[in-house]
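To keep things clear, I will list the structure first and then write my remarks on it.
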Amino acid sequence: MQIDLIKGHGSGNDFLIIDEISNEYSFTEEDRANLARVLCNRNSELGADGILFVMNSEHADGRMRVFNADGSEASMCGNGLRLVARYICELKGLNEAFIETMKANLKVSKQEDIFPQVHTYQVEISPVLFNLKALPLNLNKSSLFNEKIEELSPELKFTALAVPNPHLISIVETEQLSSDLQKQLSEKVNGPNHLFPDGVNVSFVSPLQKDSIYVRTFERGVGFTNACGTAMSASSLVTCLLDMNEYEKSINVYNNGGRVQCVVHKLEDTYSIDLIGNATYLYKASVSLNLEEKTFTVSSRKNLAEQTTYEKLQEDAQQMIKQSM
């Protein structure tokens with residue numbers, strides 16, 4: 001089987017984009033999971049955090065399905081959605097569009113560059129759910145807001161929410177960021193455990209300056225990642241709930257992969273978040289794939305020049321993090 005793809009990233013969270021709109025691919029569900037396991041393997045010629053399948057939709061401009069590197073399907077991915085937003089908008093000649101995801105049709109749009117010559121897109125992150133059954137999280141309560149979970153940590157306070165991916169957020173000090181605490185508790189809640197039977201994304205959040213935060217995320221199905229779009233969005237919302245930041249104002253969110261902006265909207269008891277950041281293409285490639293043997297070879301590859309300008313954004317972000325922490 002011959003497959004054409006684009007490798008790109010949002011905030012360093014890298015994906016392989018496979019276009020099922022323009023190509024006559026016919027994948028089974030098992031094929032999709034195996035494609036992710038084989039092509040995303042970091043020891044292979046490609047390697048990525050996951051695959052973005054771009055598909056036709058009956059009631060939106062396009063559809064996105066996200067498969068993690070371990071073959072599991074994610075209900076949503078904010079960084080990946082920016083890449084799909086760019087792909088759909090460029091394919092169909094649009095400046096804004098609606099993309100069908102597992103839980104909702106979400107609005108996306110092209111924006112002014114977040115940094116000179118960095119392709120930038122805004123995507124909607126919703127719905128936002130606080131009911132613990134939505135994650136699920138097995139505690140004898142309906143929600144968890146800035147509270148301790150003693151069997152995870154006697155010192156940290158957590159907020160749990162689904163956007164719609166499940167997230168566990170904690171505001172931490174610099175010392176806690178530099179310790180092994182996040183790794184230990186993340187591996188616990190993403191292994192066999194009774195609290196989070198389906199696993200959960202775990203984010204540690206540190207305030208930097210006014211309207212600026214740093215977020216580091218252990219992503220279920222992936223591990224520590226440069227950035228997780230829904231985690232940065234959820235973290236921004238939590239800082240607004242805690243009166244650390246303001247609704248309707250841009251929040252600069254720094255991560256190991258760079259920087260994005262989030263704007264949190266509140267309408268009565270309903271929330272949504274705008275996630276604004278890069279959609280950078282690294283290269284285009286064709287692969288010859290044998291799914292039965294789970295092997296592939298890269299038959300052609302064309303590198304693109306976009307990463308050079310993105311690295312300037314990264315350098316700027318890293319300077320800000322060092323100065324503020």
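Listing for the model above:
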| read-out | value |
| --- | --- |
| Any chance T230 is more than 13 Å from N79 (Cα to Cα) and not in a loop (DSSP other than H, G, I, E, B) | no |
| Count - residues of segment 275-286 that are surrounded by 23 or more Cβ atoms within 10 Å (Cβ to Cβ) and not polar (S, T, N, Q) | 3 |
| Scan of segment 183-212 for residues that are closer than 13 Å to S235 by Cβ and of a type outside the set (A, V, I, L, M), ordered by number | N201, S203, F204, S206, P207, S212 |
| Residue list for segment 295-323, filter: over 13 Å from G258 (Cα atoms) and touching a residue at least 60 places away in the same chain (Cβ under 8 Å) | T295, F296, T297, V298, S299, E306 |
| Residue count, segment 64-83 (criterion: touching a Lys or Arg at 6+ places or on another chain (Cβ under 9 Å) and under 22 Å from V253 (Cβ atoms)) | 4 |
| Matching residues, segment 151-173, being among the polar types (S, T, N, Q), without any contact (Cβ under 8 Å) to a residue 60 or more places away in the chain and assigned to a strand (DSSP E or B) | S170 |
| Some residue of segment 254-269 being closer than 30 Å to S178 by Cα, under 17 Å from the mean Cα position of the chain (by Cα) and open to solvent by 60 Å² or more (accessible area, probe 1.4 Å) | yes |
| Residue in segment 174-187 that is over 14 Å from G78 (Cα atoms), hydrophobic (A, V, I, L, M, F, W, C) and assigned to a strand (DSSP E or B) present | no |
| Condition check for S142: polar (S, T, N, Q) and closer than 24 Å to N255 by Cα | no |
| Answer from F115, F98 - the residue that is among the hydrophobic types (A, V, I, L, M, F, W, C) and out of contact with any strand residue (DSSP E or B) (no Cβ under 6 Å at 6 or more places or on another chain) | F115 |
| Residue in segment 148-169 that is in contact with a strand residue (DSSP E or B) (Cβ under 9 Å, 6 or more places away or on another chain), among the hydrophobic types (A, V, I, L, M, F, W, C), open to solvent by 50 Å² or more (accessible area, probe 1.4 Å) and more than 19 Å from V222 (Cα to Cα) present | no |
| Subset tally (residues that are assigned to a strand (DSSP E or B) and open to solvent by 20 Å² or more (accessible area, probe 1.4 Å)) for segment 195-218 | 5 |
| Spans of strands (runs of 3 or more DSSP E) in segment 1-107 with at least 1 residues modelled with pLDDT of 95 or more and aromatic (F, W, Y) | 13-19, 50-55, 62-68, 96-100 |
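The values are calculated or read from the model by the stated rules, or taken from the named source; none is laboratory data. What you see is a predicted model; the values in this text were computed from it and never measured. Heads up, the Cβs are rebuilt from the backbone with ideal geometry, glycines too, and the neighbour counts pull from every protein chain shown. We work out accessible area using only protein heavy atoms, side chains counted, and drop any ligands, DNA or RNA first. Shrake-Rupley method; radii C 1.70, N 1.55, O 1.52, S 1.80 Å.
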